[in-house]
Amino acid sequence: MNMAIAGLFAGMALAFAGYFGGFGAFLLVAALGALGFVVGRFLDGDLDAGDLFRRRDDRRG
């Protein structure tokens, strides 16, 4: 599945949540979608857990 189709599905899910559940449901679906995206990137190996928890001034360099 390419990213355009995935974006289409995400947009449709947010639209349904906003229409039927109101703004609170829209925010909940958006937050859980973002969390799912981060977990998916981590499981694919594209994201390192240390990147999320490293301090800003502690840079490799």
Subject >> Label corresponding to semi-axes √(5λ) of the Cα gyration tensor in Å when calculated from the structure given, among (1) 34, 16, 5; (2) 47, 10, 8; (3) 30, 16, 8 >> reply: (3)
Original post:
Under the rule of -39500 (n - 2.57) per DSSP H run of 4 or more residues, summed and divided by the residues of the chain, what mean residue ellipticity at 222 nm is obtained, to the nearest 500 deg cm²/dmol?
Top reply: -27000 deg cm²/dmol
Subject >> Crossing angle, helix 3-44 versus the chain [Cα axis fit, 0-90 degrees, rounded to tens] >> reply: 30 degrees
Subject >> Net lengthening on full extension, Leu8/Ala31 (0.36 nm per residue, minus Cα-Cα) >> reply: 6.6 nm
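No value in this document is a laboratory result; all are computed from the given coordinates. Remember, it's a predicted structure, so these values are computed and weren't measured experimentally.
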